[in-house]
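In what follows, a single structure is set out as structure tokens and then discussed.
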Amino acid sequence: MKKLPIYLGGALFVTASLVYIIQLKSGEQQVDVAEPTMSFNPEKPPANVPVNTAPKQKVKNNTVDNNFNREKYAHIAERLDAMITRRPNKSFNPELVAAAVKRDTAWQTNEDIPTSLPLDKERLNDGRQFIKLDDLKIETLIPGDTVNIDISEANENYQIIVDRVEKHDYASISWYGHIEGSDGQTYDVHFTRGDSLTVGGINTPEGHFVLQGHDKDGWVASSGKLFKIDPDQPDAIYPEDI
């Protein structure tokens, strides 16, 4: 009869241990079940969750160059756009363009004879007018502009009104305009520029003149001066020679 309390005490200990283990396992399962879950909508990130997004980069206006400030050069922005459209492979300095727009002449007379021009000695000394061409000024011209030209042989300074500008397939641009003569007539004028060569024809009340420029050096002369007839050479054309 004395062994019964011992057995009873052992049974109670085993029972208590089993209850503790069951509670412990139950607590672990509750922790696993209680772990938070989150549904994700890619179109609407959840609140208070940081999203790694790259900073938006400012779009640069490359109409002319990376330094082009449209607000600062608003007065010539449209002109700059036209220039770069005509010559997409060439860059223009907005500050220099703005200065060229203010100038009112296409060239200045050069009192010195430029040796860089492809002219022989006779043509260098035949009395043609040598000039310093303002090539950037011509590049800035758009329809409606006016520009002055000095022709010393005619002893006149003419104002050209630009009517239209045409871009050619072969990297050349032509400016077409006219002179309003004091006689009530209009006289056609045109300039064509490539990479470095400028040629032009100028009709005036005093006759027709030809322009040619190589970079900034050039000349202006009347057609009569350029196409002189040698009195010692016959100018008749015979059918058998054609």
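The values are calculated or read from the model by the stated rules, or taken from the named source; none is laboratory data. As the structure is a computational prediction, the values presented were derived from the model and not from experiment. For neighbour counting, all protein chains shown are included, and Cβ atoms are generated from backbone atoms with ideal geometry for every residue, glycine included. Heads up: the accessible areas ignore ligands, DNA and RNA and are worked out on the full protein's heavy atoms, side chains in. Shrake-Rupley method; radii C 1.70, N 1.55, O 1.52, S 1.80 Å.
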For the stretch 97-112, the count of residues that are open to solvent by less than 80 Å² (accessible area, probe 1.4 Å) and either more than 30 Å from PHE227 (Cβ to Cβ) or modelled with pLDDT under 95 (or both) equals 5
Count of residues meeting criterion [in contact with a Lys or Arg (Cβ under 8 Å, 6 or more places away or on another chain) and either under 19 Å from ALA98 (Cβ atoms) or open to solvent by 50 Å² or more (accessible area, probe 1.4 Å) (or both)] in the stretch 129-164:
11
Filtering the stretch 72-96 down to residues that are part of a helix (DSSP H, G or I) and either open to solvent by less than 40 Å² (accessible area, probe 1.4 Å) or among the basic types (Lys, Arg) (or both) yields ALA77, ARG79, LEU80, ALA82, MET83, ILE84, ARG86, PRO94
Find the residue count for the stretch 165-215, including only residues that are farther than 20 Å from GLN129 by Cα, part of a strand (DSSP E or B) and of a type in the set (D, E, K, R).
4
Only one of ASP120, ASP126 is over 28 Å from the mean Cα position of the chain (by Cα), without any contact (Cβ under 8 Å) to a residue 60 or more places away in the chain and open to solvent by 30 Å² or more (accessible area, probe 1.4 Å), namely ASP120
In this structure, is ALA99 outside any loop (DSSP other than H, G, I, E, B), out of contact with any Asp or Glu (no Cβ under 6 Å at 6 or more places or on another chain) and small (Gly, Ala, Ser)?
yes
Filter the stretch 154-176 for residues that are among the small types (Gly, Ala, Ser) and free of Cβ contacts under 8 Å to residues at least 24 places away in the same chain; which is farthest from GLY224 (Cα to Cα)?
SER172
Considering only the stretch 177-198, state which residues are open to solvent by 20 Å² or more (accessible area, probe 1.4 Å), farther than 22 Å from ASP112 by Cβ and touching a residue at least 12 places away in the same chain (Cβ under 8 Å).
HIS178, GLU180, SER182, ASP183, GLN185, TYR187, ASP188, HIS190, THR192, ASP195
